[in-house]
Amino acid sequence: MKYTDVFNDLIYVYPISKVTLTDIQFNEELKGLSNESPIATPLYQVEFKKALTPIRKYYSKLVANTTTKFLNEIIEESKKDKIDVEYEYTFNSIKSRIEQYFHFIREHISNYQLTENVYQTATQNRISDEAYVIHFMKYNCIMLYMWKNRSN
């Protein structure tokens, strides 16, 4: 699957509960994902229940890579020599993007009752996997928001 905006796509375009790939296919997809490296030592890290199934491992890495890219963007923007108005515009734009992700995630959790209890139970189904990934995305958004506020 080709994602243009992972956070939005996993909620609206390719919801995890609708994906039909097998565990073997997810393992192959996982091998194809590169590791995105942060350009600075992260001040914050997401501590989350370890992904044990191929689907959760794949989407966790995809979300983590996307978060790292976004984090790198925040760091790069904070290093640029800009006038105050440009900084304000840039960081308001970043803040709006993160807040929009929060809104989409919160709405998705509410609409589909994807509470933390859903992924913490011992069941293995796509709804449980979707709840896991959505909450992992939420925690990553929190980290991005903290970084953005620190960089601003």
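Odds and ends about this structure:
- Note on the stretch 1-86: with charges restricted to the Cβ of Lys and Arg (+1) and Asp and Glu (-1), its dipole about the Cα centre is near 460 debye.
- The ranking of T115, T66 by Cβ neighbour count inside 10 Å, starting from the fewest, reads T115, T66.
- Neighbour-count order for L30, L62, fewest beta carbons within 10 angstrom listed first: L30, L62
- Note on the stretch 69-121 and the stretch 25-51: Cα centroid distance 18 Å, given to the nearest whole angstrom.
- Relative contact order, percent, the chain [alpha-carbon distance under 8 Å, six or more residues apart]: 33 percent
- The residue among M146, A131, N111 whose Cα reaches farthest toward the positive pole of the charge dipole of the stretch 100-152, with charges on the beta-carbon of Lys, Arg, Asp and Glu, is M146.
- Residue order, fewest to most surrounding Cβ atoms within 10 angstrom, among R150, R56, R97: R150, R97, R56
- Only lysine pairs 8 or more places apart or on separate chains count here, and in the stretch 3-82 those with Cα atoms under 30 Å apart total 23.
- Quarter the surface of the alpha carbon convex hull of the chain and you get the mean projected area, 9.2 square nanometres.
Every number in this text was worked out from the coordinates using simple rules, so none of it is lab data. It should be emphasised that the depicted structure is a prediction, and the values quoted were computed from it without experimental measurement. Note: ideal-geometry Cβ built from the backbone for every residue, glycine included; neighbour counts use all protein chains shown.
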